[in-house]
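Note sheet for the following structure.
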Amino acid sequence: MKAFLALIFLWSSGAVITPPDSSVVTLPRSTPEAQGISSAAILDFIETADREIDAMNSFMLVRHGQVVAEGWWAPYDAATPHVLYSLSKSFTSTAVGLAVAEGKLSIHDRVIDFFPEDVPAEPSENLKSMRVHDLLRMSAGHEVEVSLGLNDVWTRAFLHHPVPYKPGTHFLYNTPATYMLSAIVQKATGQTVFDYLQPRLFEPLGFEDHSWGTSPQGVTLGGYGLNIRTEDIARFGQLYLQKGMWNGKQLIPASWVEAATARQTSNGSNPDSDWEQGYGYQFWRSRHNTYRGDGAFGQYCMVFPDQDAVVAITSGVRDMQAVMNLVWDKLLPAMSDAPLPEDPATQARLKEKLSSLAVKTVSGKADSPLTESVSGKWFDLAENDLGVAAVSIDFSGLQPVLQMQTAQGDGRIEIGFETWQKGHTFFTNGIGRALLQAADFAVGASGAWTADDTYTVKLVYYETPFYTTMNFRFDGDALTIDSEHNVAFGPTKRPTLTGRAR
């Protein structure tokens with residue numbers, strides 16, 4: 001799984017679509033009380049999340065089709081698409097359902113029949129019996145995921161991977177299996193999943209500036225790689241809540257919605273775990289008779305059929321269960337069957353809180369006894385796996401500027417104090433090495449002197465769940481840089497960098 005997920009950034013650019021009509025009506029807005037949920041409960045949820053969860057990126061609550069609360073933790077914002085990771089799988093499932101409805105394929109089709117050129121010379125009986133249905137419910141028959149490399153033909157690598165279990169009998173969360181679903185839709189329709197969904201899903205729901213990466217073979221990644229906005233997540237959840245109906249048109253067959261979100265396979269028995277309530281067709285069953293799509297580090301589309309509600313969340317957390325527990329503890333009990341009396345005072349407090357949310361900035365001082373002596377001084381770094389040759393921090397202007405000389409070129413990041421300064425960079429400090437090749441990556445930066453000899457910079461890559469905290473410790477002509485990510489597909493702590501002044 002880790003080896004496969006390490007490729008997440010390698011094709012993250014993908015195609016980008018902006019619908020020609022950008023005046024698409026958004027979801028309607030309402031006060032919480034009008035939709036039967038108290039502003040006080042939502043405020044409690046937001047304050048608790050802001051205090052206890054590191055780090056929330058965005059939140060939107062929809063009740064009875066109306067947005068009753070929404071907020072973004074700066075530098076995150078409503079207009080910027082956010083990477084979904086495995087929440088992308090639910091969109092691939094939707095493409096399969098649409099292709100089935102159009103008669104392009106059947107869930108009972110054998111997988112090998114779509115890729116005769118990639119099948120082993122002597123396929124095993126288990127491989128021969130693997131069907132689309134098995135891929136959808138994560139029961140392909142594998143014991144471990146296949147590792148897909150840059151030079152592999154991904155469908156061929158998948159089909160040559162051992163299948164020790166009879167398909168349909170063994171649950172294994174399997175991102176390459178979702179890729180195969182994407183490849184099957186492309187084989188059956190002649191279009192990538194991204195292009196296939198454009199007129200059938202993305203345009204009717206009003207998606208803008210969305211993108212989805214592709215494999216080396218030009219196949220939509222399927223299991224990850226989709227980038228959309230928070231409200232797009234909420235609209236997708238609302239579409240499923242409405243059994244595929246949108247603005248009077250049946251976009252997805254209701255029968256597919258019901259099958260995809262039902263329990264299609266068992267994946268455990270722990271009543272307190274939202275990962276052991278069963279699995280559908282690329283959707284998770286959750287506690288309280290709910291279901292969801294979710295992605296690494298806390299990207300959620302949570303659907304509440306009994307309460308007629310949707311919760312969309314993006315975050316960068318290590319404990320994904322904690323986020324859902326907070327929803328169950330604070331929001332679910334507060335949903336009433338009937339409207340509540342309006343509460344203008346609490347509504348005002350909630351609105352103020354939602355509008356002032358921010359990822360925690362670096363806490364410290366704006367100045368230090370060392371500021372003048374180190375300002376603008378270049379430090380040449382020892383050889384490192386990031387390819388950073390030298391760094392400098394210039395404190396002479398209105399805002400400090402972190403400057404870097406790297407194998408990709410020279411870069412600079414302006415740094416806010418007690419606020420977030422937005423900019424663009426190609427530097428990600430090793431979160432995903434391929435990102436270092438990106439020419440224009442959104443970042444928010446905050447910094448402060450956390451000790452007389454240490455300047456700390458926090459970089460939030462606000463199209464993703466990641467942030468990095470970097471400590472620059474100055475000691476005469478020596479510089480030591482220690483850094484750590486909030487979350488990562490591997491170690492969060494980066495190797496120490498050392499440098500000497502020129």
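Any read-out appearing in this document is the output of simple, stated calculations on the displayed coordinates, not a laboratory observation. The structure presented is a predicted model; accordingly, all values stated were derived computationally and were not measured. For neighbour counting, all protein chains shown are included, and Cβ atoms are generated from backbone atoms with ideal geometry for every residue, glycine included.
Remark: region 68-211 carries a charge dipole of roughly 440 debye about the Cα centre, counting +1 on each Lys and Arg Cβ and -1 on each Asp and Glu Cβ.
By the count of other C-beta atoms within 10 Å, a proxy for reagent exposure, F158, F171, F379 are ordered fewest to most as F171, F379, F158. Scanning residues 5 or more positions from A390 or on other chains, those with amide H under 5 Å from its amide H are L381, Q405, with H placed 1.01 Å from N in the peptide plane.
Checking every one of the GluC sites (Glu not before Pro) in region 303-388 against DSSP loop status and a limit of 14 other Cβ atoms within 10 Å picks out E342, E383. Karplus-based coupling profile of region 389-403, in residue order and whole Hz: 8, 7, 9, 8, 10, 9, 9, 7, x, 5, 9, x, 10, 8, 10, with θ = phi - 60° in 6.51 cos²θ - 1.76 cosθ + 1.60 and x standing for Gly or Pro. Note that region 195-203 has calculated 3J(HN,Hα) couplings of 5, 5, 7, 4, x, 8, 9, 5, 5 Hz, one per residue in order, obtained from phi through the Karplus relation 6.51 cos²θ - 1.76 cosθ + 1.60 (θ = phi - 60°); glycine and proline are x.
Placing unit charges on the Cβ atoms of the charged side chains and taking the dipole of the chain about its Cα centre, the candidate lying farthest along the positive direction among T175, Q421, G295 is T175.
Placing +1 on each Lys and Arg Cβ and -1 on each Asp and Glu Cβ, with no other charges, gives region 371-501 a dipole about its Cα centre of roughly 300 debye. Amide H contacts under 5 Å for H424: V443, restricted to partners 5 or more places along the chain or on a different chain, H placed in the peptide plane at 1.01 Å from N.
The loop-placed trypsin sites (Lys or Arg not before Pro) in region 326-362, going by DSSP, that have at most 13 neighbouring Cβ atoms within 10 Å of their Cβ come out as K360. Residues in region 314-322 carry Karplus couplings, in order, of 10, 7, x, 10, 8, 10, 5, 5, 4 Hz; the curve used is 6.51 cos²θ - 1.76 cosθ + 1.60 with θ = phi - 60°, and Gly or Pro positions show x. Which aspartates and glutamates have a Cα lying under 19 Å from the Cα of K166, excluding residues fewer than 8 positions away in the same chain? Filter leaves D109, D113, E122, E125, D134, E143, E145.
Computed from point charges on the beta carbon alone (+1 for Lys and Arg, -1 for Asp and Glu), the dipole magnitude for the chain about its Cα centre is near 800 Debye.
The alpha-carbon positions of the chain define a convex hull whose volume is 151 Å³ per residue.
Qualifying GluC sites (Glu not before Pro) in region 410-502, where qualification requires a DSSP coil assignment and no more than 14 other C-beta atoms within 10 Å, comprise E418.
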